[in-house]
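Throughout, read-outs are computed from the coordinates displayed, never taken from laboratory work. What you see is a predicted model; the values in this text were computed from it and never measured. Counting neighbours? That spans all protein chains shown, and the Cβs are built from the backbone with ideal geometry, glycine included.
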Amino acid sequence: MTGNGRTMVETNQSILTDYCGDRRPTRWVTRARPKIDRIACPWLIRRFIDPAAVFLYVPTDKVFATAEREKAVAFDIPGAPFSHDGDRCSFDAFIERFRIDDSGVLAMAPIIRGADTDRHDLAPEAAGLHAVSLGLSLTHQNDRELLEQGIIVYDALYAWATKARGEKHDWTP
């Protein structure tokens, strides 16, 4: 629930209407060959905003034309409603605009920001996420397949952030 008695989904639907009108499922477009932010943001959208959202990956110079033609919202590209702002990444923009206050998502944010902006000092896990993301990109040439595999990685990161953060590996030979 949010502070006004509405659920997060109801609040997000209201905010979503500001960007997408009444079109559901929502459509989102960004640059091809996603790595970190361009997989983390779709994960966040599907898990907290619109579970049926559709994502389009296109060449950089076609993002805004595709957004207009497909009635999609551009993200993670300069000039888009959701993109980097200073040292913050697009994932941060979604959290802020949709007022997502989930503790797991908030724990993930510095990891994603650190991996996406090459600031591994922000969270010890950032370097690992960066490595896994680059590896996924190298092992999956199809962006849709890459997204679906990346969603699994972010589901696992969320599970860690909500249920296993602080757990230590304690086996000793």
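If both residues of a DSSP beta bridge must be in the chain, then about 10% of such bridges are antiparallel.
Sort THR30, THR162, THR139 so that the residue with the fewest other Cβ atoms within 10 Å of its own Cβ comes first and the one with the most comes last. Could you put the intermediate results ahead of the total?
Numbers: THR30 29, THR162 14, THR139 10.
By the 10 Å Cβ count, ascending: THR139, THR162, THR30.
Could you list ILE100, ILE36 so that the one with the fewest beta carbons within 10 Å of its beta carbon is first and the one with the most is last?
Neighbour counts put them in this order, fewest first: ILE100, ILE36.
From the alpha carbon gyration tensor of the chain, can you work out the equivalent ellipsoid semi-axes (sqrt of 5 times each eigenvalue) and give them in Å, largest to smallest?
On the way: eigenvalues 138, 87, 40 Å².
That gives 26, 21, 14 Å for the three semi-axes.
Rounded to whole numbers, the Karplus 3J(HN,Hα) couplings from phi for the stretch 146-152 are 4, 4, 5, 5, x, 4, 4 Hz, using 6.51 cos²θ - 1.76 cosθ + 1.60 with θ = phi - 60°, and x at Gly and Pro. Distances between placed amide hydrogens fall under 5 Å for PHE82 paired with ASP76, all partners being 5 or more residues away or on another chain. Pairs of Cα atoms nearer than 8 Å and 6+ residues apart set the relative contact order; for the stretch 8-163 it is 24 percent.
Phi-derived couplings, Karplus 6.51 cos²θ - 1.76 cosθ + 1.60 at θ = phi - 60°, listed residue by residue for the stretch 38-49: 7, 10, 4, 5, x, 4, 4, 4, 5, 8, 10, 10 Hz, with x used for Gly and Pro.
Using θ = phi - 60° in the Karplus curve 6.51 cos²θ - 1.76 cosθ + 1.60, the 3J(HN,Hα) couplings for the stretch 163-173 round to 10, 10, 4, x, 5, 10, 7, 10, 6, 10, x Hz; x is entered for Gly and Pro. For a modelled paramagnetic label at GLU70, 7 Å from Cα along Cα-to-Cβ, the residues of the stretch 144-164 in reach, with backbone nitrogen under 19 Å, are 144-151. Remark: ASP116, ASP143, ASP102 ranked as ASP102, ASP143, ASP116, counting other beta-carbon atoms within 10 Å and listing the fewest first.
Taking the chain as the region of interest, the number of lysine pairs whose Cα atoms are within less than 26 Å, with members eight or more places apart or on different chains, is 4.
Which value, in debye to the nearest 20, describes the size of the charge dipole of the chain about its Cα centre when Lys and Arg Cβ atoms bear +1, Asp and Glu Cβ atoms bear -1, and nothing else is charged?
360
Determine the calculated [θ] at 222 nm for the chain from helices alone, applying -39500 (n - 2.57) to every DSSP H run no shorter than 4 residues and normalising by the residue count; nearest 500 deg cm²/dmol.
It lands at -15500 deg cm²/dmol.
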